[in-house]
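Below: one structure, written as structure tokens.
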Amino acid sequence: MSFSQPVGPGGRPLIGSGSYLPEDVTFLLTDLSDANLERPTEDREEGFQSGRHYSEDLPIEYQPDAAYLDIYRQALERSARRVALATGIVAELVRHTKPAPVLASIARAGTPIGILMRRWYLFRHGLDVPHYAISVIKDRGLDLNAVRHITDRHAPEAVQFVDGWTGKGVMTRVLTEAVRGLGPDLRLDDTLAVLADPARCVPLFGTRDDFLIPSACLNSTVSGLVSRTVLNAEHIGPDDFHGAKFYRELAEHDLSQHFVDTIVGWFDDVADEVDREWPRLWSADRTPTWDGWAAVERIADQFDIPDVIMVKPGVGEATRVLLRRVPWRILVAPDRLDELAHVLALAQARGVPVEEMADLPFSCVGLVRPVRTESGEQPVFHTPAARWRPVAS
């Protein structure tokens with residue numbers, strides 16, 4: 001397997017395309033593969049809750065066992081058509097307003113979706129669109145160096161931001177604030193397109209159902225062997241793109257291309273349904289209601305959780321809690337248990353209680369365990385606007 005290695009600002013090497021095909025994506029991320037950034041989960045959690053920002057280091061990559069990989073494969077088999085359908089629908093919604101979009105996916109959860117959208121345009125329209133993966137970090141915003149790189153090469157109004165799913169809608173807010181700060185002359189659209197919008201906070205989506213996107217089950221081995229993004233002044237200068245690690249040593253376990261090819265294999269099967277559904281959805285009321293945020297606040301109150309930042313709604317976010325955080329408990333909707341085998345397996349492996357909750361607006365919700373200080377004080381969170389509330393239209 002060969003990997004491309006372009007050079008970024010200041011001559012520093014970039015991630016390139018990771019383990020994806022070079023034509024499918026360009027990661028605008030500084031290569032930090034040689035840096036020692038991983039810290040144990042418990043140490044990271046204590047750091048988060050005492051003021052350290054999550055983007056300054058990385059979790060140790062979770063390596064699934066054979067049984068968990070079997071669950072992933074079963075989830076992929078069960079959901080592949082559904083993912084293909086949602087991909088086609090959101091891709092067509094985007095193309096309706098941007099006939100030749102330039103995709104900017106949020107690394108790393110958004111990147112497989114950006115690749116699938118790019119493949120859809122090739123399949124359905126013979127359209128070869130550019131696709132970049134860039135870093136967007138809660139509280140620290142959009143990688144403006146990466147944005148300038150894109151807008152220097154493409155019409156700003158053609159840029160479409162892409163992510164995998166919505167939880168509370170934090171990325172939506174981060175994008176809006178960042179783009180507003182760039183000024184109106186740039187003509188950059190802050191609208192986020194996602195495969196699934198269970199939080200009901202974006203107008204461009206393939207579905208608002210909280211279903212499992214199988215790429216959420218794994219980490220780098222289904223995301224081009226790329227880590228989550230890093231913004232640490234020790235490693236990233238003012239002119240650099242945000243950073244990430246490329247795990248070459250995991251190449252033998254890589255399922256990134258297999259995931260893409262599996263979904264693309266369903267495109268022909270769903271094409272006619274996409275053609276029927278996207279115009280209907282376009283004509284429907286897609287106004288964000290932010291129902292997901294309201295549900296998160298209710299759950300925080302019910303469980304006496306000190307801040308909504310510790311409530312991670314949706315199957316994608318609950319999976320992340322189990323893989324990367326210190327989970328306290330998992331809430332599941334009773335009628336979705338059959339679709340949550342990987343969540344139940346991870347919870348069992350980590351000894352995390354699972355509690356069924358009727359009328360849960362998500363398939364499941366992960367709750368992060370509060371870490372108390374030695375003096376018994378409540379944790380202090382790094383998010384200055386953690387109690388920010390959206391204004392529904």
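Scan the range 47-91 for residues that are within 28 Å of F246 (Cβ to Cβ), of a type in the set (G, A, S) and either open to solvent by 30 Å² or more (accessible area, probe 1.4 Å) or at pLDDT below 90 (or both) and the total you get is 5. Which one of these is charged (D, E, K, R), in contact with a helix residue (DSSP H, G or I) (Cβ under 7 Å, 6 or more places away or on another chain) and under 24 Å from G237 (Cα atoms): R140, R119, R187? Of R140, R119, R187, the one residue that is charged (D, E, K, R), in contact with a helix residue (DSSP H, G or I) (Cβ under 7 Å, 6 or more places away or on another chain) and under 24 Å from G237 (Cα atoms) is R140. Residues that are open to solvent by 10 Å² or more (accessible area, probe 1.4 Å), at pLDDT below 90 and assigned to a helix (DSSP H, G or I) within the range 303-335 comprise I309, E317, R320, L323, R324, listed in sequence order. Entry remark, the range 237-265: residues being open to solvent by 20 Å² or more (accessible area, probe 1.4 Å) and among the small types (G, A, S) number 3 in total.
Residues that are part of a loop (DSSP other than H, G, I, E, B) and touching a helix residue (DSSP H, G or I) at 6+ places or on another chain (Cβ under 8 Å) were ranked within the range 92-108; the one that is most open to solvent (accessible area, probe 1.4 Å) is A100. Restrict the check to the range 162-177 and report whether at least one residue is charged (D, E, K, R), within 20 Å of F241 (Cβ to Cβ) and buried (at least 23 other Cβ atoms within 10 Å of the Cβ). Checked against the condition, which is being charged (D, E, K, R), within 20 Å of F241 (Cβ to Cβ) and buried (at least 23 other Cβ atoms within 10 Å of the Cβ), the range 162-177 yields at least one hit.
When T166, T207 are checked against the criterion of being β-branched (V, I, T) and under 30 Å from E38 (Cβ atoms), T166 stands alone in meeting it. Considering only the range 139-150, I want to know if a residue exists there that is of a type in the set (D, E, K, R) and under 12 Å from the mean Cα position of the chain (by Cα). No, the range 139-150 contains no residue that is of a type in the set (D, E, K, R) and under 12 Å from the mean Cα position of the chain (by Cα).
Would you call A133 open to solvent by less than 10 Å² (accessible area, probe 1.4 Å), under 26 Å from D209 (Cβ atoms), part of a helix (DSSP H, G or I) and touching a strand residue (DSSP E or B) at 6+ places or on another chain (Cβ under 7 Å)? Here the answer is no, as A133 does not meet what is asked. Filtering the range 253-302 to residues that are at negative phi, part of a loop (DSSP other than H, G, I, E, B) and of a type in the set (F, W, Y) leaves only W266. Among the residues of the range 136-180, the ones that are of a type in the set (A, V, I, L, M) and touching a Lys or Arg at 6+ places or on another chain (Cβ under 7 Å) come to 3 in all.
The values are calculated or read from the model by the stated rules, or taken from the named source; none is laboratory data. Keep in mind the model is a prediction, meaning the values are calculated, not measured. A quick note on method: Cβ atoms are made from the backbone with ideal geometry, for glycine too, and the neighbour counts reach across all protein chains shown. We work out accessible area using only protein heavy atoms, side chains counted, and drop any ligands, DNA or RNA first. Shrake-Rupley method; radii C 1.70, N 1.55, O 1.52, S 1.80 Å.
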